[in-house]
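Notes follow once the structure below has been shown.
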Amino acid sequence: MRRAVVLAEHGQFYIQDVDGQAAAEDDGDYDWPEAWSDEAVDEWRIGLDGPCSIAVGTARSDHVETILQAHAAAPPLPPGAEHVVEADLAVPSGAVHVFGCMERPGPQHRVAVPAGAYRIRVSHVPSEPPAAAKSAQPGPHFRYHLDLWPCTGASGVTVIRHGLPT
């Protein structure tokens, strides 16, 4: 399990295969995920940017706590999760970055996982603000659980529990 606090500028952070990020840097222009359709904003609260990258929509533009955990099979839902969505994520490199949208991913964002195809479950769990939180804006704080487990085929996006205000 890996806990991290990331700066969710513009109300989002990313989980992405590290090779997808490295290939974009090789051509000198990093392609930040731009996958926010109406359905992604209103229903899923995640944006899909190809098979190797997911943008996670957050309840606020502030520092947010993330917990990434790899499992052998689908884990139980985290207690108290208000919004839960699952999607496919390819990790051909054997490592992902979890980082804020205005950050350049670095070694501090890297998490090793076995290379392969995964289901990812993003769960929004109410929490206290992390110590780094700076925003005085009103609204709830959430901890974002990112659960990964191997899968054999693509299943698309599935909303398990729809919650949170839009």
HN-Hα J in Hz across segment 115-132 - Karplus 6.51, -1.76, 1.60, θ = phi - 60°, x for Gly and Pro: 4, x, 9, 10, 9, 10, 10, 9, 10, 9, 10, x, 7, 7, x, x, 4, 7
Proximal charge balance of Leu148 [Cβ under 10 Å; K/R count +1, D/E count -1]: +1
Heavy-atom accessible area per residue - the chain, 1.4 Å, Å²: 47 Å²
Max mean-square fluctuation residue, GNM over the chain, Cα-Cα springs under 10 Å, options Ser155, Ser123, Ser93: Ser155
Mean separation of Cα contacts under 8 Å (6+ apart) over length of segment 52-130, as relative contact order %: 39 percent
Residue of Val122, Val56, Val85 that the Gaussian network model of the chain assigns the largest fluctuation, springs spanning Cα pairs under 10 Å: Val85
Top of Ile67, Ile46, Ile120 by mean-square fluctuation, Gaussian network on the chain, Cα under 10 Å: Ile67
Relative contact order of the chain, pairs being alpha-carbon contacts under 8 Å that are 6 or more residues apart, as %: 30 percent
Rh (Kirkwood; distinct C-alpha pairs) - segment 73-125, Å: 12.8 Å
Ranked order, Met102, Met1 - accessible area, probe 1.4 Å, largest first: Met1, Met102
Net length gained if the chain between Glu43 and Gln137 were fully extended (0.36 nm per residue, minus Cα distance): 31.5 nm
Residue-averaged [θ]222 nm for the chain, counting only DSSP H segments that reach four residues, each worth -39500 (n - 2.57): -1500 deg cm²/dmol
Carbon/sulfur fraction of accessible area - segment 37-151, other protein chains in place, 1.4 Å, %: 57 percent
Label-point separation, Arg110 to Arg2 (7 Å along Cα→Cβ), nm: 1.0 nm
Computed lengthening from Ala35 to Val157, 0.36 nm per intervening residue step minus Cα-Cα distance: 42.6 nm
Viscosity 1.306 mPa s, 10 °C: Kirkwood-radius Stokes-Einstein D of the chain over Cα pairs, µm²/s: 101 µm²/s
Prolate/oblate/rounded call for segment 84-166, Cα gyration tensor, a/c under 1.5 rounded: oblate
Assigned charges on the beta-carbon of Lys, Arg, Asp, Glu; segment 31-142 dipole about Cα centre (debye): 460 debye
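The values are calculated or read from the model by the stated rules, or taken from the named source; none is laboratory data. Since we're looking at a predicted model, the values are computed, not measured. With ideal geometry, Cβ positions are generated from the backbone for all residues, glycine too; neighbour counts draw on all protein chains shown. All accessible areas refer to the heavy atoms of the entire protein, side chains included, with ligands and DNA or RNA removed. Shrake-Rupley method; radii C 1.70, N 1.55, O 1.52, S 1.80 Å.
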